[in-house]
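> The structure that follows is given in the form of structure tokens.
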Amino acid sequence: MSIKISRKTGEITIKTANTMYVMARKYEDYLVHMYYGKNSRGVKYDYNYPITSFSPYHEEIGLEYLPDIVKSEFSFFGYGDFRAEALKLRDLSTGSDTTMFTFVKARKFAGRRNIPGLPYAEADDNTETLEITMRDAVTGCELKLYYTVFADCDVISRYFTLENKGKNSVRIEKCMMLCLDIPTKELDMINFPGAHCFERMYKRGRIMDGNQRIYSRRGSSSHHQNPFFMLCDPKATEERGAAYGFNLVYSGSYLSEVETEQCGTTRVLSGLGSDNFNYLLLPGETFESPEAVVTYSDRGIGQVSRNMHKFVRNHILPKDKFPLRPVVLNSWEAFYFDIDENVMEDFAAEAERIGMDMLVMDDGWFGKRLSDNAGLGDWYPNPDRFKNGLRPFIERVKAKGVKFGIWIEPEMVNPDSDLYRAHPDWILRAPGREPLQSRWQYMLDMANPHVIQYLKDSFKENLGGLPIDYFKWDMNRHLSEVYSPTLPPERQGEVGFRYMKGVYDLIAWFGEEFPDAMIETCSGGGGRYDLGMMKYSTQIWTSDNTYPYWRAFIQHGSTFGYPCATMSCHVANHNGSVNDPRQLEFGFRTALNGPLGYEFNVLAIGDEVKDTLSRQIKEYREYEKLILGGDFYRLLDPHKNGRYSYYFASEDNSEILLTYLQIPDDPKKTPNKLKISRAEVGATYRDTISGETFSGAELKKGITVISDEHGNYAKMFHFVKE
Ligand code: GLA
């Protein structure tokens, strides 16, 4: 039983395998946060306020309950709590933005409440949900807070519904699904800022007094920040110490806030924020929020990552659909836009000879798409490039013995396209202003249901019924001028949110229309690397940056919140690097951090290189189950001295795959101790690569890898228990 509601004490307790979460009713009406942490008995809640001055209070309760200082389960704007709020609601009949929701009732049920039109974590037989109903007496609105408990991975999710049961319209002016008051401000924050081609650069630092924000205003979770972040004890390491992980099951603009306050506590909020979001709720209407997730571990940062990995694998990713992944050959870095059926067929034949599983035909196959300034929106095959259309071409490709994947970018349109010429009113644009372009493209108004219907019809007409095994779903600009001509002025604050719902509607339709096809999402590389997209896509193109040097950093950052199974990793050819055995080896070993692919012209390489690729693919096949489903442990952080090391362990510790990547030269040949905590003392492990044997105790204490004199050096060990 993971949820207990005690009518006697007013306490509600949630338990997962290793954590406990406690809240309580105080003074009948108020829901106070008591505890979130390690599962232990006798939790004490400190109710002594060190400072009471300048805090508003209720006359009948007095200083015993100060809304500004109490640890709150959920926080509201305007009624005595000066800290950042979870919910801000404006009563449009009076203009007042003060609200206070008070406790009405709590119940629990098996499974979860599904969120219509939005991605959410799937429940299993052990999932339970707590529903807390609250009411604001003045507006008459009813708030239902949901806590869904995924006990197997120590994750609790938070989402809510807000129903306007009053007589007047209200507007949601800030929406945060997760609100957590942590009893200390001695915390480090780990977050993942970046840019296009430099996604998820790991950063760790002490939180400052005040309010720190992690956010995207780009209509997409973005390359520039990631909704996953952590807070931890400043002394916490990969293996030790208290740490929290937070994320959103959402792909649009978002806001997370970490705010310290006067008594030494920290409030964490995560949700849609207020910059790009407000939502009109007429009497009788209900708003359904997206879902936020939180996990905690007292066993270090690495365990928080593993909790998240398990959660994503078990509850987010399309389940059991694609346990193994195709090794793909992608046409983009090989030919860019210069493709046609002949070159693609030759490419497919070579892919098959080398041992690859799938040809992915990237950009350039449709409309007048000869470069990036035309064609987006026109999803019919270019008749000059595909003489008899796609079907006979795909059949010929498949006859060569490989699967077939295709690139699409449904959310966008070039001004130079039939679609834009026919429907210039179908893009997001601010009234009276010249629409801005980015990569010569506009965003379609995905908040307009006619646009979504058109896209479904168009993809059905052009691709429906074709034997496509894989879609690469791209998104190559961010949302500016977020205004939809189809909505009235008072609903323009909803456009970004409705845009995302349109995208989810369309991508879910693809899943139904092409049930056997795998979807890999992409946004100029890893610009939409989030749980929302992972709900529909088995893997994500990690970055447009395919230099192994940078990939080490990007992949390292991605592993904190996401399982390696989501991280599409390709070997590329930079200035002939595939002809240099050392660089090809380094590129391959760097790519063995996720599902493998290749991205260069295999028609223009020698037989020796082809043989190497065939050997690489065979080797990947030996490890792929471990890479896709093993428990992941980070050992060396590339930001420290250019060395990235990690290992995967099978659940029963019988198989361990250890990687050491060294970027810079090291004439000093420094020893690196790599400790395999999951090795079993008493067991013997054989490294299938070198043939050497090691005792489990030896691996646990740490094996020593000597740095190579020269950079771009990779060493791997594949330990199998004897
Ligand atoms: C984006 C993707 C690339 C490629 C191009 C095609 O940049 O990230 O992998 O598909 O678009 O235009």
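> On a 0 to 90° scale, report how tilted helix 390-399 is relative to the longest principal axis of the chain, with both axes built from alpha carbons and the result rounded to the nearest 10.
Computed tilt is about 70 degrees.
> Here is a follow-up. Accessible area per residue of the range 508-604 at 1.4 Å probe, in Å²?
On the way: 2180 Å² over 97 residues.
Each residue of the range 508-604 exposes 22 Å² on average to a 1.4 Å probe.
> How many times 2.2 N^0.38 Å is the alpha carbon radius of gyration of the range 396-513? Don't skip to the end; give the middle numbers.
Numbers: Rg = 15.8 Å, N = 118, 2.2 N^0.38 = 13.5 Å.
The value comes to 1.17.
> For the chain, what is one quarter of the convex hull surface built on the Cα atoms, given in nm²?
Numbers: hull surface 130.2 nm².
One quarter of the hull surface, i.e. the mean projection, equals 32.6 nm².
> Let me ask you something else. Need the full-extension length gain, A430 to K38, defined as separation in residues times 0.36 nm minus the C-alpha distance. One decimal, nm. List each step's numbers first, then the result.
Numbers: separation 392, 0.36 × 392 = 141.12 nm, distance 4.98 nm.
Length gained between A430 and K38: 136.1 nm.
> Angle, helix 548-558 long axis vs. longest principal axis of the chain, Cα atoms, 0 to 90°, nearest 10?
30
> Ok, one more. Taking the alpha-carbon distance from K715 and a cut-off under 19 Å, which aspartates and glutamates remain once sequence neighbours fewer than 8 residues away in the same chain are dropped?
Partners within reach: D580, E585, E619, E622, E624, D637, E655, D665, D666, D687, E692, E698.
> Let's test the formula: R0 of 22 Å, r as the Cβ-Cβ distance of S371 and A195. What FRET efficiency results, to the nearest 0.05?
0.40
> Return one number: the angle in degrees, 0 to 90 and rounded to the nearest 10, between the long axis of the Cα atoms of helix 341-354 and the longest principal axis of the Cα atoms of the chain.
For 341-354 against the chain, the angle is about 90 degrees.
> How would the range 603-722 be classified by its alpha-carbon gyration tensor: rounded, prolate or oblate, with rounded meaning a/c under 1.5 and the a/b versus b/c comparison settling the rest?
Values: a/c = 1.87, a/b = 1.18, b/c = 1.59.
Because a/c hits 1.5 or more and a/b fails to exceed b/c, the range 603-722 counts as oblate.
> Which of the trypsin sites (Lys or Arg not before Pro) across the range 627-709 are loop residues per DSSP, with 16 or fewer other Cβ within 10 Å?
Values: sites: R634, K640, R643, K668, K669, K673, K675, R678, R686, K700, K701; in loops: K668, K669, K675, R678.
Answer by residue number: K668, K669, K675.
> Okay, next question. What does the convex hull of the alpha-carbon atoms of the range 310-413 project to on average, in nm²? Don't skip to the end; give the middle numbers.
On the way: hull surface 31.6 nm².
The Cα convex hull of the range 310-413, projected and averaged over all directions, gives 7.9 nm².
> In whole angstrom, how long is each semi-axis of the equivalent ellipsoid of the range 226-299, when you take the square root of 5 times every eigenvalue of its Cα gyration tensor and sort them from largest down?
On the way: eigenvalues 180, 44, 23 Å².
Value: 30, 15, 11 Å, ordered largest first.
> What shape does the range 33-109 take by its C-alpha gyration tensor, where a ≥ b ≥ c are the square roots of the eigenvalues and a/c under 1.5 counts as rounded, a/b above b/c as prolate, and the rest as oblate? Mind dumping the intermediate values first?
Details: a/c = 2.21, a/b = 1.34, b/c = 1.65.
Verdict is oblate for the range 33-109.
> So for each of 276-287, 51-62, 154-165 I average, over its residues, the number of other beta carbons within 10 Å; can you give me the resulting order with the highest mean first?
Values: 276-287: 16.9, 51-62: 11.6, 154-165: 22.5.
Highest to lowest by the protection proxy: 154-165, 276-287, 51-62.
> So, one more: Run the quick spin-label model on E481 and A137: label points 7 Å from Cα toward the beta carbon, then report their separation in nm to one decimal.
It is 4.9 nm.
> Kindly rank 444-451, 135-142 from highest to lowest mean number of other beta carbons found within 10 Å of each residue.
Values: 444-451: 22.6, 135-142: 19.2.
Those peptides, ordered most packed to least, come out 444-451, 135-142.
> Right, another one. Across 5 Å bins from the origin, how do the percents of Cα pairs in the range 283-335 run, short distances first?
Histogram of Cα-Cα distances, whole percents per bin: 4, 13, 13, 13, 12, 14, 12, 10, 6, 3, 1, 0.
> What is the packing order of peptides 234-241, 127-134, taking the mean over residues of other C-beta atoms within 10 Å and listing the highest first? Please list the in-between numbers first.
Details: 234-241: 15.6, 127-134: 20.9.
The densest-packed peptide leads the list: 127-134, 234-241.
> Write out the GluC sites (Glu not before Pro) in the range 601-660 meeting two conditions: DSSP loop, and at most 14 other Cβ atoms within 10 Å of their Cβ.
Details: sites: E608, E619, E622, E624, E651, E655; in loops: E651.
Of the GluC sites (Glu not before Pro), the ones in loops of the range 601-660 whose Cβ has at most 14 other Cβ atoms within 10 Å are E651.
> Heavy-atom accessible area per residue, the range 623-687, 1.4 Å probe: how many Å²? The partial results should precede the final answer.
On the way: 2640 Å² over 65 residues.
Heavy-atom SASA per residue in the range 623-687 reads 41 Å².
> Go through the range 242-333 and name the trypsin sites (Lys or Arg not before Pro) that are in a DSSP coil and have 13 or fewer other Cβ atoms within 10 Å of their Cβ. Provide the component values of the computation, followed by the final result.
Values: sites: R267, R299, R306, K310, R313, K319, K321; in loops: K319, K321.
Counting only loop positions with at most 13 other Cβ atoms within 10 Å, the trypsin sites (Lys or Arg not before Pro) in the range 242-333 are K319, K321.
> How many percent of all Cα-Cα pairs in the range 72-138 sit more than 13 Å apart? Mind dumping the intermediate values first?
Numbers: 1594 of 2211 pairs.
That fraction is 72 percent.
> Which of the three applies to the range 104-193, rounded, prolate or oblate, going by the alpha-carbon gyration tensor with a ≥ b ≥ c and a/c under 1.5 meaning rounded? Mind showing how you got there, number by number?
Details: a/c = 1.85, a/b = 1.26, b/c = 1.48.
Oblate.
> Could you state the orientation-averaged shadow area of the convex hull built on the Cα atoms of the range 152-223, in nm² to one decimal?
Values: hull surface 34.5 nm².
That works out to 8.6 nm².
> Mind giving me the FRET efficiency for D209 and R7? R0 is 60 Å, r the Cβ-Cβ distance, nearest 0.05 is fine. Spell out each step's value before the answer.
Working: r = 40 Å, r/R0 = 0.66.
Efficiency for this residue pair is about 0.90.
> Tell me, what % of the accessible area of the range 289-435 is carbon and sulfur with a 1.4 angstrom probe?
Numbers: 2440 of 5190 Å².
Taking all protein chains in place, the range 289-435 shows 47 percent carbon and sulfur surface.
> To the nearest 0.05, how large is the calculated FRET efficiency for K640 and R615 if R₀ is 45 Å and r is the Cβ-Cβ distance?
Details: r = 32 Å, r/R0 = 0.71.
The pair K640/R615 has a calculated efficiency of 0.90.
> In a Debye calculation with equal point scatterers on the alpha-carbon sites of the range 399-465 and no solvent, what is log10 I(q)/I(0) at q = 0.22 Å⁻¹?
Ignoring solvent entirely, the Cα scatterers give -1.00.
The values are calculated or read from the model by the stated rules, or taken from the named source; none is laboratory data. In this text the structure is predicted, and so the values were computed from the model without any measurement. A quick note on method: Cβ atoms are made from the backbone with ideal geometry, for glycine too, and the neighbour counts reach across all protein chains shown. These area figures cover heavy atoms from the full protein model, side chains too; ligands, DNA and RNA do not enter into them. Shrake-Rupley method; radii C 1.70, N 1.55, O 1.52, S 1.80 Å.
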